[in-house]
Amino acid sequence: MSDDDVQLEARLAEQDVFEPPESFVEQANVTDEGIYEEFEENWPECWEGAADLLDWDSDYDQVLDDSNPPFYEWFTGGSLNASANCLDRHLDERGDEAAIEWVGEPTDEDDITYTYEELHREVNEFAAALRDQGVGEDDVVTMYMPMIPQLPIAMLACARIGAPHSVVFAGFSADALATRMNAADSEYLVTCDGYYRRGDPLDHLDKANEGLAGVDHDVETVVVAERLREGDGFDHDYADNQVAFDDLQSEHAGASVDPVSRDAEDMLFLMYTSGTTGEPKGVKHTTGGYLAWSAWTSQAVLDIKPEDTYFCSADIGWITGHSYIVYGPLALGTTTMMYEGTPDYPDKDRLWEIVEEYEATQLYTAPTAIRAFMRWGSEYPDSHDLSSLRLLGTVGEPINPRAWKWYYQNIGDEECPVVDTWWQTETGGMMVTTLPGVKDMKPGSAGPPLPGVDVQIVDVDGEEVEAGRAGYLTVQKPWPGMLRTLYKNDERFIDEYWREYSDVDSDDPEDWVYFPEDGAKIDDDGYITVLGRVDDVINVSGHRLGTMEIESAIVGVEGVAEAAVVGGDHEIKGEAVYAYVITEDGADEDEALRQAIIEGVEDAIGPIARPEAVIFTPELPKTRSGKIMRRLLEDIANGEDLGDTSTLRNPDVVSDIQAKVSDD
Ligand code: PRX
């Protein structure tokens, strides 16, 4: 680091509040602080502006129907099509402009630009093909695909014909695919032959086929996008119900499919996410409210304009990619980027190379990535011209002030606001973050709730806590992008998100409070710092994993009697999986079993859930009533002082486990 850099870092280290850079404010989409008061006074009609960002086939009669909480309905009576909103309406003015800039991992030769015209054509052809395969309105089409262009094409094709999609992250295991297809009764799958990771082709179809073997109903059609280059492919004979994506599209070359007019409340997609039980939750998002929410937040927070080249480095397999690679940006008619690979291939400056080459105007990424960039060193971004960037964003987990400042300084050159955006799969889009042209930024704190979003930090009784005290984050009023229910499970929807702080027998919406299961605190200026999950969900590299899911994978391994999984602090990933395992009598606590456990987890969920540490222990610390003391296991993983453990049923076990963790 040069002397100047050292001085700069020292100066930033002491600064707690950052004003929005003037050059940004001058051109920002939202600059009037009055929006907060205006939205509060004019709630819920304040959301008409978000709906106005969309083209409606028929107008809605009511902004919000809250007559049956928590089953809120938004923009009722209105109808629209998401694919027409993301494509058709931009054709006149933006037909020749890039809709998607796709960057393949291996080399420039793989890059593809899809103009709005081209994307529209591809989507129409694939929509015609899907229909021809028997996909009808409301049939759930599962997609198990990595970051290749056929994924957004397939999503928009589904949206066009009114078939909800359910995208399963490509890094998830075959079992995870089967579980999700079974839960959704999905009879159609779109997948691919493979993709590239750090230069090597990966066989994805093999995993997809293994997953299909676990599907408990007939699967009508499996469409396989052929991504691998000639010579890199793996040997697979297609089964009778399997067909190549390209072949299907060519059969429907030039086809035109009228977008199906969908009711605002019709399902646009399902997304499975982890919860406290082993069973993933099928979060249902709708056409009107979700699209309005992703478009409005893209405009107000990410400051997206049609002429931008906006880059979100998330994977479309997660909600961030749905809302902020596909739907929000395309609804606004901008250019959205997609990168297939990892940020360190062929070298650790790959993202910066992409930003420079495409002159990206925004970058939206995860704190985990930022912490890795920090560790790799500023020489990587320094060797590229990043001056095209205007705004930076983070999502998925808390960002520590040091990483925030590094990002602000080294990537944004102190000229770009950083938006730390708190939200969830369930919220559909951003909820708590600064409006970048309006609000000061406080590193470490996501910011105030967005205008019209009513967040309170409360104690166990639902009473607001004082500024500075830790409490639970709650959302007191509904919002258009909210999930409508858990697929085919209204009861679980109420149990998971509402029961804690609502009067569930009441039909007065005032009595209903949404609980996202995050801890948080608020300061005197109303800025919220999110402290993390308060349920048994851990956040590894910004990805949500249920500890129960991991535990059930571990106890499925031969030789394991019991397991408890907790999140331990991790420098890069934020949290890492710590597995405490009790073996069955006679089983050896050896390396072979440790490996079998790791593989068991990878098979059941995927490599993201791979335990960082497997600690064999004769017992787990339990309360007198027999409950596992997870908090204690977390403290042990983090090497923290444990305080008084005498109230445990088995206090002696603690020091044994501590010794094992420190040996590890
Ligand atoms: O704990 C919060 C954390 O991620 C959870 C949501 O995970 P998921 O549904 O997978 O969606 C991730 C992308 C939106 C939240 O309950 N989280 C998300 N954003 C932040 C965050 N924690 C702190 N700060 C954030 N900005």
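With a ≥ b ≥ c the root eigenvalues of the C-alpha gyration tensor of the chain, is it rounded (a/c under 1.5), prolate (a/b larger than b/c) or oblate?
Values: a/c = 1.30, a/b = 1.14, b/c = 1.14.
Rounded, because the longest to shortest axis ratio a/c is under 1.5.
Where both residues lie in the chain, what percent of DSSP beta bridges are antiparallel, nearest 5?
On the way: 54 of 94 bridges.
Of those bridges, close to 55 percent are antiparallel.
Find how much the distance from D511 to S67 grows on full extension, using 0.36 nm per residue of separation minus their present alpha carbon separation; answer in nm with one decimal. Mind showing how you got there, number by number?
Values: separation 444, 0.36 × 444 = 159.84 nm, distance 1.23 nm.
Once the chain is fully extended between D511 and S67, it gains 158.6 nm.
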In nanometres, what is the gap between the two model label sites at E359 and E414, each 7 Å from Cα along Cα-to-Cβ? 2.6
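Neighbouring Cβ atoms within 10 Å as the yardstick, rank T113, T179 fewest first.
Details: T113 14, T179 23.
Going from sparsest to densest Cβ surroundings: T113, T179.
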Answer in debye to the nearest 20: the dipole magnitude of segment 300-360 about its Cα centre, from +1 Lys/Arg and -1 Asp/Glu charges placed on Cβ, is 320
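Filter the DSSP H helices in the chain by two things, a Kyte-Doolittle mean of at least 0.5 and an axial alpha-carbon span of 15 angstrom or more, and list the hits by number.
In the chain, the long hydrophobic H runs are 150-161.
Test of understanding: what is the full-extension gain from D206 to S58, defined as 0.36 nm times their sequence separation minus their Cα-Cα distance?
Numbers: separation 148, 0.36 × 148 = 53.28 nm, distance 4.48 nm.
Contour length minus the Cα-Cα distance gives 48.8 nm.
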Signed unit charges on C-beta, dipole axis of the chain, positive-most listed residue V223, A264, A98: V223
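Rounded to the nearest 20 debye, what is the charge dipole size of segment 94-143 about its Cα centre when +1 sits on each Lys and Arg Cβ and -1 on each Asp and Glu Cβ? Could the numbers behind the result be given before it?
Working: 3 positive and 16 negative charges, 57 e Å.
Charge dipole of segment 94-143: 280 debye, to the nearest 20.
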Put +1 on the Cβ of every Lys and Arg and -1 on every Asp and Glu Cβ in the chain; which of G600, W43, W422 then has its Cα farthest towards the positive end of the dipole? G600
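Per DSSP helix of 4 or more residues, -39500 (n - 2.57); summed, then divided by the residues of the chain. What does that give at 222 nm, rounded to the nearest 500?
Working: 22 runs with 191 residues, N = 664.
Calculated from helices alone, the mean residue ellipticity at 222 nm is -8000 deg cm²/dmol.
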Hey, got the dipole for the chain? About the Cα centre, +1 on K and R Cβ, -1 on D and E Cβ, debye to the nearest 20? 920
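Please compute the length gained on full extension between Y345 and D656, using 0.36 nm multiplied by the number of residues separating them and subtracting their Cα-Cα distance. Display every interim value, and only then the final one.
Values: separation 311, 0.36 × 311 = 111.96 nm, distance 4.20 nm.
So the extension gain works out to 107.8 nm.
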For K284, the lysines lying under 22 Å Cα to Cα, once residues fewer than eight places off in the same chain are dropped, come out as K477, K488
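Throughout, read-outs are computed from the coordinates displayed, never taken from laboratory work. Keep in mind that this is a model prediction, so the values were computed, not measured. A quick note on method: Cβ atoms are made from the backbone with ideal geometry, for glycine too, and the neighbour counts reach across all protein chains shown.
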